Amino acid sequence: PEIIDRVVKTLGHIGLDPCSNAKSDLANVPAKIHYTKEDNGLSKTWQGNVFLNPPYGREIKQWTNKLLQEFNRHFVSKAIVLVPARTDTRWFQDLLTNEYSTVCFVTGRLKFSNNKSGAPFPSAIFYFGWNTKEFCENFSDIGIICFRKDQINVR
């Protein structure tokens with residue numbers, strides 16, 4: 001929940017949760033639109049402010065590719081993506097090298113809802129958009145924020 005609070009503060013509101021656990025009031029993420037597994041969010045157009053916490057299995061690449069595609073097409077205005085910090089994977093490198101991405105490498109292990117112990121892997125939170133300052137203000141106390149070298153003077 002503390003991550004979701006930071007996401008809402010950074011984005012202003014969450015327009016879409018394409019990997020939601022449920023619809024409307026039962027969902028963990030307070031988004032205007034929720035796509036569940038049954039909706040197949042990969043087959044839909046994504047728009048506005050998006051929070052993506054994709055399935056962490058082999059299909060993660062499909063979800064991160066979809067986000068990059070919709071962001072680069074300017075359908076997605078701003079996005080925050082919560083993923084395992086698998087820095088050696090192609091999909092992670094694709095997120096990291098996007099010209100509009102900024103990443104927070106979370107210190108320690110996140111505790112997901114209803115779990116007593118931390119995740120068995122490190123996490124990274126990516127921001128895509130033009131208000132990096134807001135992202136840094138809301139996430140810098142939970143990890144290390146990294147920018148691309150060519151972004152330093154721009155932001």
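Can you pull the percent of the chain's accessible area that's carbon plus sulfur, 1.4 Å probe, other chains left in place? Summing carbon and sulfur atoms, their accessible area is 50 percent of the total for the chain.
Please give the FRET efficiency for residue 45 paired with residue 24, using the beta carbon to beta carbon distance and R0 = 30 Å, rounded to the nearest 0.05. Don't skip to the end; give the middle numbers.
Working: r = 20 Å, r/R0 = 0.67.
Once rounded, the FRET efficiency stands at 0.90.
Viscosity 1.002 mPa s, temperature 20 °C: give me the Stokes-Einstein translational D for the range 1-45 in µm²/s, with Rh taken as the Kirkwood radius over C-alpha pairs. Approximately 199 µm²/s, per Stokes-Einstein.
In the chain, helices alone account for a calculated mean residue ellipticity at 222 nm of -7000 deg cm²/dmol, with every DSSP H run of four or more residues adding -39,500 (n - 2.57).
Once you list every other residue whose beta carbon is under 14 Å from the beta carbon of residue 91, what net charge do they have if Lys and Arg are +1 and Asp and Glu are -1?
Value of the local net charge: +2.
Considering only Cα-Cα distances, which of the following residue pairs are longer than 19 Å: 32/78; 44/66; 61/133? Before the final figure, lay out each step's value.
Numbers: 32/78 15 Å; 44/66 10 Å; 61/133 28 Å.
In this structure, 61/133 lie more than 19 Å apart at Cα.
For the chain, the Cα-based Rg and Dmax, in that order, read 14.5, 44 Å. On a per residue basis, the range 1-117 carries 54 Å² of accessible surface, using protein heavy atoms and a 1.4 Å probe. The label point for residue 87 and the one for residue 131, both projected 7 Å from the Cα toward the Cβ, are 3.0 nm apart.
The values are calculated or read from the model by the stated rules, or taken from the named source; none is laboratory data. Bear in mind that the values here come from a model prediction, so they are computed numbers and not experimental data. Glycine gets a Cβ as well: all are built from the backbone with ideal geometry, and neighbour counts include every protein chain shown. Quick note on the areas: whole protein, heavy atoms, side chains included, nothing else; ligands and nucleic acids left out. Shrake-Rupley method; radii C 1.70, N 1.55, O 1.52, S 1.80 Å.
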